[in-house]
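The values are calculated or read from the model by the stated rules, or taken from the named source; none is laboratory data. Bear in mind the structure is a predicted one, so any value in this text is a computation, not a measurement. Please note: Cβ atoms are built from the backbone with ideal geometry, for glycine as well, and neighbour counts cover all protein chains shown. Ligands, DNA and RNA are stripped out before the accessible areas are found, and what is left, the full protein with its side chains, is counted by its heavy atoms. Shrake-Rupley method; radii C 1.70, N 1.55, O 1.52, S 1.80 Å.
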Amino acid sequence: MLRIILVAFFVLLLVLLGNTLTLQSPDFAGVERVQQAVDVDRLAQNMSRAIRFRTISYQPGTVFNSPPFEAFLDFLQQAYPHLHQRAERVLIAHYTPLYIWKGRDSSLKPVLLTAHYDVVPVIPGTEDQWHRPPFAGDQVDGIIYGRGALDDKSSVITILEA
């Protein structure tokens, strides 16, 4: 039985190695490159604001706190009016926005960008281990601190900024 597992593992390893070595980058010849200035200060400000919303994911045995989620969705509408004017927003289960932004060429395949804005709660008793308050969104020396700064409000904000 161990031999079968080892052989299967070795075959899988060979397949993965073969796929990795033969993988080709897509051909972007003829694709127009767009230069877009990034307002880093605005991005950082929106990231800091996003962290301040206590969008704590539901935990078994607790009551879901919906107002921060509703406030976060309102913040997105205020912070990204262009998106909300051009894209259709569908709310899934009241708090999950899905934005549908149709392109000029409907023959092209769609693109799906995903991120989440809920955060796990702070472990009780660890509050004194935080360098900054977990929901302050403090900016210090070019670093933004808080719940969601890495997982995953940062992805939400950078996708919407783009």
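I'd like the full set of residues that are among the small types (Gly, Ala, Ser) and surrounded by fewer than 19 Cβ atoms within 10 Å (Cβ to Cβ), limited to region 127-149. Let's see the steps before the verdict.
Restricting attention to region 127-149, the residues satisfying the condition of being among the small types (Gly, Ala, Ser) are 136-137, 142, 146, 148-149.
Of everything in region 127-149, those that are among the small types (Gly, Ala, Ser) and surrounded by fewer than 19 Cβ atoms within 10 Å (Cβ to Cβ) turn out to be Ala136, Gly142.
Inside region 30-57, can you point out the residues that are outside any helix (DSSP H, G or I), of a type in the set (A, V, I, L, M, F, W, C) and open to solvent by 80 Å² or more (accessible area, probe 1.4 Å)?
Start the filter on region 30-57 by keeping residues that are outside any helix (DSSP H, G or I), which leaves 30-39, 52-57.
Then keep just the ones that are of a type in the set (A, V, I, L, M, F, W, C); that gives 31, 34, 37-38, 53, 56.
Scanning region 30-57 gives Val31, Val34, Ala37, Val38.
Only one residue in Leu91, Leu83 is more than 15 Å from Ala162 (Cα to Cα) and in contact with a Leu (Cβ under 9 Å, 6 or more places away or on another chain). Which one? Working first, answer last.
On the way: Leu83 fails: more than 15 Å from Ala162 (Cα to Cα).
One residue alone meets the criteria, Leu91.
Applying the selection to region 93-114, what residues are within 16 Å of Thr55 (Cα to Cα) and hydrophobic (A, V, I, L, M, F, W, C)?
First pass over region 93-114, keeping only residues within 16 Å of Thr55 (Cα to Cα): 93-97.
Result: Ala93, single match.
Which ones in region 40-86 are acidic (Asp, Glu) and free of Cβ contacts under 8 Å to residues at least 12 places away in the same chain? Working first, answer last.
Just the residues of region 40-86 that are acidic (Asp, Glu), to begin with: 41, 70, 74.
Of everything in region 40-86, those that are acidic (Asp, Glu) and free of Cβ contacts under 8 Å to residues at least 12 places away in the same chain turn out to be Asp41, Asp74.
Of all residues in region 87-109, count the ones that are basic (Lys, Arg) and either surrounded by 12 or more Cβ atoms within 10 Å (Cβ to Cβ) or at pLDDT 95 or above (or both).
First, pick out the residues of region 87-109 that are basic (Lys, Arg): 89, 102, 104, 109.
Among the residues that remain, those that are also either surrounded by 12 or more Cβ atoms within 10 Å (Cβ to Cβ) or at pLDDT 95 or above (or both) are: 89.
Matching residues across region 87-109 total 1.
Tally up the residues in region 110-126 that are exposed (fewer than 10 other Cβ atoms within 10 Å of the Cβ) and over 17 Å from Tyr58 (Cβ atoms), please. Full working, then the answer.
Taking region 110-126 and keeping what is exposed (fewer than 10 other Cβ atoms within 10 Å of the Cβ), we get 110-112, 114, 123-126.
So of that shortlist, the ones also over 17 Å from Tyr58 (Cβ atoms) come out as 110-112, 114, 125-126.
So the answer is 6.
For the subset of region 70-108 comprising residues that are assigned to a loop (DSSP other than H, G, I, E, B) and of a type in the set (S, T, N, Q), which member is nearest to Asp118 (Cα to Cα)? I'd like the intermediate steps shown before the answer.
Applying the first criterion (assigned to a loop (DSSP other than H, G, I, E, B)) to region 70-108 yields 80, 87, 93-95, 101-108.
With the extra rule that they be of a type in the set (S, T, N, Q), the set shrinks to 106-107.
Values: Ser106: 32, Ser107: 34 Å.
Looking at residues that are assigned to a loop (DSSP other than H, G, I, E, B) and of a type in the set (S, T, N, Q), I get Ser106.
Which condition from (1) at pLDDT 95 or above; (2) over 19 Å from the mean Cα position of the chain (by Cα) is the one that Asp27 breaks?
It is condition (1) that Asp27 fails.
Among the numbered criteria (1) assigned to a loop (DSSP other than H, G, I, E, B); (2) in contact (Cβ under 8 Å) with a residue 12 or more places away in the chain; (3) open to solvent by 40 Å² or more (accessible area, probe 1.4 Å), which one does Ile159 miss?
(1)
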